[in-house]
Each structure stands twice: as C-alpha cells, then as structure tokens.
Amino acid sequence: MPDISLTTVVLLCLAALAAGWIDAVVGGGGLLLLPALLLGLPAGTPAAHALGTNKAVAIVGTTGAAITYARKAPVDVRTAVRIGLAALAGSSGGAFLAAGMSTEVLKPVIMVVLLAVAAFVILRPSFGTTPKPGPVSRRRVLAAIGFGGLGIGFYDGLIGPGTGTFLVLALTAMLHLDLVTASATAKIVNCCTNAGALAMFAWQGAVLWQLAGLMAVFNLAGGTLGAHTALKKGSGFVRIVLLVVVFALVASMAYEQWGA
C-alpha cells in the first residue's frame, strides 16, 4: 500500500464506487477513477502506476456489470467476444506504450475527449433511443471489430478514461443498438480490454495491488448496482447520465488544470 492517509483511501474507495456505477450505466467510469488516482497517489508516483491500478480496479466492476447485463439484456455474446478479442490485442499494445506517458499529458487529452463525446450526444438527440430493425451486415460487424475492438482497445491501454463511453457510442452507431444493449455489449468488450492492459501493466510492475484490491470491492458494488439501474430505467436515462457525467468532469478537470 502506498504511503497515503486513511482519508485519501476512503475517498478513493468512494470514487471507485461511483465510477463502477457510472461505468455500468454509460461507460467512462475511468474518467472519474483515473483522475482520483492521479490526485490521491503521492507526488512523484509514475503515471503508469495510476493507469495500472485503475485497470486492476475497473476489471472487477466491469465483470460484475457484464454478468448482470448478460442475464437480462439481449446481448449478442458471440459478436461481443469477437470485438473483445480484438480489443484485448489493441489494449495490450497501448499499455506497452503507456509506461513513459506523464500525468501532465493525460489531463488535457481526457478533457478534449470528454468535450467531443458531449458534442456528439447533444447534436444527435435521437441517437441510441431505439434499435434499428433487421440483421446487421457483416461489413458493419467487421468495422466494429476493427474500430471498436482494435482502435478503442489501443486507446484503452494507452490512456483509458472514456473507453466504455466510446464503445457504447461506436457499438450503437455500427451495430444499430439502443444505448442499453450497447452498454451491455460494451461491458463484455471492456472486460477484454481491461484484461489485456492489466496483464501488460502487471508485467511492468505498475499495479499497486493492495490499494487496487480494496477499491475493487467498492467498484464491484457500484458496477452491479449501475447495471440494474440502466436495465430498469432505459436508454433515455442512460443518455442523461452520460451528459451530466461528461460536463461535471470537464468542469472539474478544467478548474484543476487552469483554476486559481
């Protein structure tokens, strides 16, 4: 366990709980969890340790959410696994390159990503409200494997935050899913990306296992609860949560970066 205060540990566990809920509902729990780790870990801690610990925590909550969704949502598990295997390869490559990345590079990148997500959702109010009828073409499935798997998987290993949200958006657009089904599918894919990235970070010795284990318990509780909430409330609720989370985090990180 790193040398941090009990108060900080408690706050990190609460952040893990909230991040698990957010990630299960709409993806992007890392947008809360990773900044919390970057702030909570002692000064001088390499950014790779925050990234690796984030993956060790997130994979537990994501797995819990994926199991909850798979039991109740109409998920095409075969397609999700195919995308997930491509994502595992992509995330492993991204994680391999992430070791030299500094914290100062991460924060502005995360803010730009958040604003891009918000703009897309606002400009497309009907996006993901209902699934389109009919089978999905092989071309669209291959595009989802290439972009949603390899591309977003690589981003997940390299930086991480927002991966679940990007997967939800990509799967909704490419496979004609509603937001709830896309969230369910994204959880299965995200399990694979987390596994690939975590394996690489663990190999590099960049995971704080004791802290991650404690936070993972809270993340699992949040992820399971979030999946139940999304299934009950539907796509309209998922969209609202997405926008609220994005704008709150942009404001918070912008103040931290440039505020007084």
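Side notes on the structure shown:
- Selection within the range 230-242 - in a helix (DSSP H, G or I) and open to solvent by less than 30 Å² (accessible area, probe 1.4 Å): 230, 235, 238, 241, 242
- Top-ranked residue in the range 137-183 [being within 19 Å of residue 230 (Cα to Cα) and among the β-branched types (Val, Ile, Thr); ranked as surrounded by the fewest Cβ atoms within 10 Å (Cβ to Cβ)]: 181
The values are calculated or read from the model by the stated rules, or taken from the named source; none is laboratory data. No experiment lies behind these values; they were computed from the predicted model shown. Note that we place each Cβ from the backbone using ideal geometry, even for glycine, and neighbour counts take in every protein chain shown. Accessible surface areas use protein heavy atoms only, side chains included; no ligands, DNA or RNA. Shrake-Rupley method; radii C 1.70, N 1.55, O 1.52, S 1.80 Å.
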